[in-house]
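Engineer: I'd like to ask you about the structure that follows.
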Amino acid sequence: MTTARTTLASAAQSASSTLAAGARQRRGAFIVFEGLDRSGKSTQVARLVQQLNERGVKAVAARFPDRTLTTGKMIDSYLSQKADLDDRAIHLLFSANRWERANQILEDLNRGTTVVCDRYAFSGIAFSAIKGLSWSWCRAPDIGLPAPDLVLFLRISPSAAQSRGGFGDERYEKTEVQQRVKGAFKRLGESVEEGKWVELEADRGVDEVGQEVLRRVEEVLQGAGMDKEVGKLWTECQADD
Ligand code: DGP
């Protein structure tokens, strides 16, 4: 742990000495957690942000859907089954919700702050594609969003997820839906650039998963990618259906 602390702190230090030398500041990393409902994403996001800050690496949490935003309130009504919406309309609302926060994320990253995000556009595709919408259509509204440097997919079986305190009454909290979403996530992981989608076994203790998370994130923070501009999502993809 001391080693992780030292290396991360020196990554942060090198960011400030680079700045002092007048060169481009190393940016923050955009880390996204994806996974089925109740796979432990929120716990790992909070834990990672805290650990990074303790190590002198500035980090903030984000989450989607962000229910505090205007679009988020409509999404909340849909998820809590108070409102029904056409499949395409809700898909576009989820995407608009991400766009509402996109500039903030970009500003944080460019200021050197790491953003750790609970769900992103991958959930957008997975949850809509299982309704029969085409992949290329689902992907289109998110083209150009800030691209994550790393997606950590927390892998858990739908039955294990359900046994973790059970699902509530929200729209997608059903084992059969989660099973199909799992299949969609698998296909998505295969389509993401090599090394940027990492699957972690989530059916373990919080600390064990957390240690692996920190190790993966440390690699990204020390990598050459932090000297490059934030990428744009899906711009390299071809329509594949
Ligand atoms: P959460 O707040 O992480 O529990 O997510 C709420 C639910 O919304 C969850 O079942 C997953 C689903 N969801 C998250 N993002 C999207 C999205 O972009 N599109 C759709 N259709 N569903 C999403």
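Engineer: Students often get this wrong, so check it: of LYS131/LYS228; LYS82/LYS232; LYS58/LYS174; LYS82/LYS196; LYS58/LYS196; LYS186/LYS228, which have C-alpha atoms separated by over 31 Å?
Structural biologist: LYS131/LYS228; LYS82/LYS232; LYS58/LYS174; LYS82/LYS196
Engineer: Can you give me the C-alpha center-to-center distance between the range 138-180 and the range 22-52, rounded to a whole angstrom?
Structural biologist: Going from one Cα centre to the other spans 16 Å.
Engineer: Rounding to the nearest 20 debye, state how big the charge dipole of the chain is about its Cα centre with +1 on each Lys and Arg Cβ and -1 on each Asp and Glu Cβ.
Structural biologist: My answer is approximately 400 debye.
Engineer: Under 5 Å between amide H atoms, partner at least 5 residues away or on a different chain: which partners does GLU199 have, H built in plane at 1.01 Å?
Structural biologist: The list, which skips near neighbours in sequence, is PHE153.
Engineer: Normalise the Debye intensity by I(0) for the chain, one equal point scatterer per Cα, no solvent, then take log10 at q = 0.16 Å⁻¹ and round to two decimals.
Structural biologist: -1.19
Engineer: Then there's this: Helix 70-79 versus the longest principal axis of the chain: what angle, 0 to 90°, nearest 10, using Cα atoms?
Structural biologist: For helix 70-79, the angle is close to 50 degrees.
Engineer: Still on this structure: Could you give the accessible area per residue of the chain, probe 1.4 Å, as a whole number in Å²?
Structural biologist: For the chain, the per-residue accessible area is 47 Å².
Engineer: Taking amide H positions as placed in the peptide plane 1.01 Å from N, state which residues far from LEU150 in sequence (5 or more) or on other chains have amide H under 5 Å from it.
Structural biologist: PHE30, VAL32
Engineer: Using modelled backbone amide H atoms (1.01 Å from N, in-plane), which distant-in-sequence or interchain residues come within less than 5 Å of ASP66's amide H?
Structural biologist: Correct list: empty.
The values are calculated or read from the model by the stated rules, or taken from the named source; none is laboratory data. Remember, it's a predicted structure, so these values are computed and weren't measured experimentally. Note that we place each Cβ from the backbone using ideal geometry, even for glycine, and neighbour counts take in every protein chain shown. Please note that ligands, DNA and RNA were not included when accessible areas were found on the heavy atoms of the full protein model with its side chains. Shrake-Rupley method; radii C 1.70, N 1.55, O 1.52, S 1.80 Å.
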